[in-house]
Amino acid sequence: MQQGVQINLISEERLSRLTSMEKIHLILDDVREGTIVILEKGLDPDEQSKLIEMTMLEILPDGFNGIEIETYPSHEETPGFLRRLLGQRSPARLTVIGPANQLRMIRKDKDVISAWVSTR
Amino acid sequence: MSIFVHAKKRVSRFLSAFFRKRRSRIGIYGPPNAGKTTLANRIAKDWTGETVGPVSEIPHETRRALRKQDITITGTNGSTITIDIVDTPGVTTKIDYKEFLEYGVGKDEAILRAREATEGVAEAMHWLREDIDGVIYMLDSTEDPFAQVNIMMIGIIESRKLPVIIAANKIDLPDASPQQIRNAFPQHPVIPISCTAGSNIEELYEKMVFHFG
């Protein structure tokens, strides 16, 4: 049997058609099965908060033990005065999510995420 | 009682209920082992004489959000704030019970701790969305502040428009770099402190009175 790791790249268009909970279930269902999920456009802060919460509720001893997640830093690390005043944040950029026991981030900078993936 | 006095009392009760400021609930958030419970204990001890919860070197010692109510902090100019401090479990995206085995904890106890920790983190995230009025985000100054969980948590706090103070803890350690935390989050006040040595805690109290008042 061939060994390998499945990677799902999900387009911004597909993500825009999903509700927050649908996105989170899509991610967690895939990641629990050992799939690496790459989102063309990242989750918003509220979705990130719910993803952490839902991840915690899915963890099992000797089974799924959580996620590794990494996003490019936003283009605008320090929002300008007007954006801060209006409470606007830069949209999240490409995001990589995988099972914590298979995906390990090696290095991240402004435009490069370097990750190491192992088979189960 | 005359109608006038009765009416005056009712108006007074209405106005006081309307204008009375609710106690702010200030959550201490951050990654595991940043010193959140040590800070919560110090704040509670300094202003009420009591503590909040136990401290240990084992990650996720705090597995439930712990609340200490009615803490009144007075600044040097005489201004005061009354807050509830909510000490939360360290936020993470992964918990493996095997990590606890390295600290000499038995397997059953480790599995129980891991389960409680996962529930605690989920609860802490729920609190942040529903019940927190301000945040002290606690970071270990010897660790990389750019960890994804910190970036996400600060983003979540900002999106809720909650006032936040970043406490750069463990400045007594040789590898501490509070400046790196300032560089990571220049949009927020960063106060370098050492909870165990008690360094610079007064500045944190001043900032709390100003920021959360």
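Only the coordinates and a few stated rules stand behind these numbers; no lab work does. Since we're looking at a predicted model, the values are computed, not measured. Note that each Cβ is placed from the backbone with ideal geometry, even for glycine, and that neighbours are counted across all protein chains shown.
Net charge near B:Ser199: determine it from the other residues with C-beta under 15 Å of the C-beta of B:Ser199, scoring Lys and Arg +1 and Asp and Glu -1. Let's see the in-between values first.
Details: positive: B:Arg42, B:Lys170, B:Lys207; negative: B:Asp46, B:Asp140, B:Asp172, B:Glu202, B:Glu203, B:Glu206.
Once positives and negatives cancel, what remains is -3.
With +1 on each Lys and Arg Cβ and -1 on each Asp and Glu Cβ, and nothing else charged, work out how big the dipole of the protein assembly as shown is about its Cα centre, in Debye to the nearest 20.
1600
Which angle from 0 to 90°, rounded to the nearest 10, does the C-alpha axis of helix B:148-159 make with the longest principal axis of chain B?
In chain B, helix B:148-159 runs at an angle near 10 degrees to the longest axis.
Which pairs break 29 Å Cα to Cα here: B:Lys45/B:Lys107; A:Lys41/B:Lys161; B:Lys36/B:Lys94; B:Lys94/B:Lys207; B:Lys68/B:Lys107; A:Lys110/B:Lys207? Let's see the in-between values first.
Working: B:Lys45/B:Lys107 35 Å; A:Lys41/B:Lys161 23 Å; B:Lys36/B:Lys94 19 Å; B:Lys94/B:Lys207 33 Å; B:Lys68/B:Lys107 32 Å; A:Lys110/B:Lys207 32 Å.
Correct reply: B:Lys45/B:Lys107; B:Lys94/B:Lys207; B:Lys68/B:Lys107; A:Lys110/B:Lys207.
Starting from the Cα of B:Phe146, step 7 Å along the direction of its Cβ; do the same at A:Asn8; then give the gap between the two resulting points in nm.
3.0
Report, by chain and number, residues whose modeled amide H sits under 5 Å from the one on B:Met138, excluding near sequence neighbours (fewer than 5 apart, same chain).
B:Tyr29, B:Gly30, B:Ala167
For the stretch B:89-95, in order, what is each residue's ³J(HN,Hα) by Karplus, 6.51 cos²θ - 1.76 cosθ + 1.60 with θ = phi - 60°, in whole Hz (x at glycine and Pro)?
Karplus values, whole Hz, x for Gly and Pro: x, x, 7, 8, 9, 8, 9.
Amide H to amide H, which residues 5 or more places from A:Ala100 or on other chains are under 5 Å from it, using H placed in the peptide plane?
Sorted by chain and number, the residues that satisfy this are A:Asn65, A:Gly66, A:Ile67, A:Glu68.
With a sphere of radius 14 Å drawn around the Cβ of B:Ile71, what net charge do the other residues whose Cβ falls strictly inside it have (Lys, Arg +1; Asp, Glu -1)?
0
Can you work out D for the protein assembly as shown in µm² s⁻¹ from Stokes-Einstein, where Rh is the Kirkwood radius over C-alpha pairs, the temperature is 37 °C and the viscosity is 0.692 mPa s?
Taking Rh from Cα pairs, D becomes 153 µm²/s.
Over all pairs of distinct alpha carbons, what does the Kirkwood formula give as the hydrodynamic radius of chain B, in Å?
18.4
Within a 10 angstrom radius of each residue's Cβ in B:114-126, how many Cβ atoms of other chains show up on average? Whole number is fine. Walk me through the numbers before you get to the answer.
Numbers: counts 4, 4, 0, 2, 9, 3, 1, 7, 9, 2, 3, 9, 3.
For this peptide, the per-residue mean of nearby foreign Cβ atoms is 4.
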